[in-house]
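Written below as structure tokens is the structure these notes are about.
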Amino acid sequence: MRIVVTGKNGQVVTSLVERGTAAGHEVIALGRPELDLADPESIHRAVATAKPDVIVSAAAYTAVDKAESEEELAHAINARGAGAVAAVAARLNVPLIHLSTDYVFDGALDRPWTESDPTRPIGVYGLSKLAGEEAVLTAGGNCAILRTSWVYSPFGGNFVKTMLRVARDRDEVSVVADQIGNPTSALNIADGVLKVAENLVTNADPALRGVFHMTAQGEASWADFAQRIFAESAVQGGPSASVKAITTADYPTPAARPANSRLDCAKLAGTHGVTLPDWRAALPPIIARLLASAA
């Protein structure tokens with residue numbers, strides 16, 4: 001497959017290039033200056049020139065706290081930009097995979113969220129991503145929206161990299177323990193996206209289109225996640241620290257976070273045959289790569 005993905009440096013984009021190339025696909029990452037989400041014509045020119053079999057809409061505004069003071073920019077990229085990419089996909093008559101987030105929910109449920117649960121974002125970032133989902137669905141029906149959460153990888157900025165960095169200078173790290181979710185490797189997300197892409201390209205079944213949840217198996221709080229990171233890092237000879245569990249109230253941020261970010265991925269497994277590995281199994285090789293790059 002010839003896969004065009006929006007963005008150049010994000011965790012999922014970089015993972016898609018790595019995994020897709022290894023699987024024998026041609027992955028073309030497009031970003032500024034040739035593709036600007038604020039300029040629909042640049043999107044069409046860049047994507048049409050690349051002649052994709054499938055488009056992956058991965059570029060996004062992801063600064064959750066900063067979005068509270070940059071609402072217009074967040075919506076320009078996450079809503080109108082996503083809609084423009086979907087319009088180009090419809091114009092070119094190629095399938096689209098759009099990546100979204102657990103932040104479309106308010107986190108108030110006491111069980112994992114399903115695709116049929118009502119969306120109710122509690123911050124600008126979530127609102128902009130939900131608006132992006134709606135724009136994508138409005139633009140055409142040949143698309144799959146994949147919601148994921150708590151992404152980490154050997155690339156870019158993420159929680160695992162941050163924890164390893166702070167452990168080099170501290171013996172104890174305070175981490176929120178009353179938010180739970182599914183830590184998910186971007187490399188595993190890339191593998192899942194590739195499978196979904198193959199399904200969309202080869203099968204016109206409407207059931208393969210629509211909204212799906214795609215996260216790793218297994219759940220954790222941020223404090224649980226940090227403890228596992230430090231334990232695995234210690235095994236591999238890297239930095240480690242003890243974890244002090246704190247509450248969300250102890251660590252105020254400009255944007256509210258969902259207390260429950262767990263996503264139910266049964267629909268994706270049943271429809272696309274995609275089940276991501278448990279996050280605990282995916283973590284050690286990523287820590288190994290991060291430790292090697294730091295060395």
note = Residue hits (region 185-207; over 20 Å from Thr6 (Cα atoms) and either β-branched (Val, Ile, Thr) or touching an Asp or Glu at 6+ places or on another chain (Cβ under 7 Å) (or both)) are Thr202
task = Filter region 17-33 for residues that are surrounded by fewer than 18 Cβ atoms within 10 Å (Cβ to Cβ), among the charged types (D, E, K, R) and at pLDDT 90 or above and give the result.
result = Glu18, Glu26
ask   = Does any residue of region 281-295 turn out to be more than 17 Å from Val166 (Cβ to Cβ), of a type in the set (A, V, I, L, M, F, W, C), modelled with pLDDT under 95 and part of a loop (DSSP other than H, G, I, E, B)?
value = yes
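Let's see how each residue does on (1) basic (Lys, Arg); (2) buried (at least 23 other Cβ atoms within 10 Å of the Cβ); (3) more than 11 Å from Val104 (Cβ to Cβ); (4) under 16 Å from the mean Cα position of the chain (by Cα):
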{"position": "Gly123", "(1), (2), (3), (4)": "no, no, no, no"}
{"position": "Gly126", "(1), (2), (3), (4)": "no, yes, no, yes"}
{"position": "Gly141", "(1), (2), (3), (4)": "no, no, yes, no"}
{"position": "Ile145", "(1), (2), (3), (4)": "no, yes, no, yes"}
{"position": "Ser149", "(1), (2), (3), (4)": "no, no, no, yes"}
{"position": "Asn158", "(1), (2), (3), (4)": "no, no, yes, yes"}
{"position": "Arg170", "(1), (2), (3), (4)": "yes, no, yes, no"}
inquiry  = Residue pairs, Cβ under 6 Å, 6 or more apart or interchain, first in region 1-20 and closer than 17 Å to Glu198 by Cβ, second among the hydroxyl-bearing types (Ser, Thr, Tyr). List them.
reply    = Ser15/Ser153
ask   = Right, Gly83: touching a Ser or Thr at 6+ places or on another chain (Cβ under 9 Å), modelled with pLDDT of 95 or more and among the small types (Gly, Ala, Ser) or not?
value = yes
query = Within region 44-69, can you find the residues that are within 21 Å of the chain's Cα centre (by Cα), surrounded by fewer than 17 Cβ atoms within 10 Å (Cβ to Cβ) and not in a helix (DSSP H, G or I)?
reply = Ala63, Asp65
request  = Any residue in region 65-77 that's under 22 Å from Ile43 (Cβ atoms) and touching a residue at least 40 places away in the same chain (Cβ under 8 Å): show its pairings with residues that are assigned to a loop (DSSP other than H, G, I, E, B) and not aromatic (Phe, Trp, Tyr) at Cβ separation under 6 Å, as long as the two are six or more apart or on different chains.
outcome  = Ile77/Leu37
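The values are calculated or read from the model by the stated rules, or taken from the named source; none is laboratory data. Please read these numbers as outputs of a predicted model, since none were measured by experiment. Glycine gets a Cβ as well: all are built from the backbone with ideal geometry, and neighbour counts include every protein chain shown.
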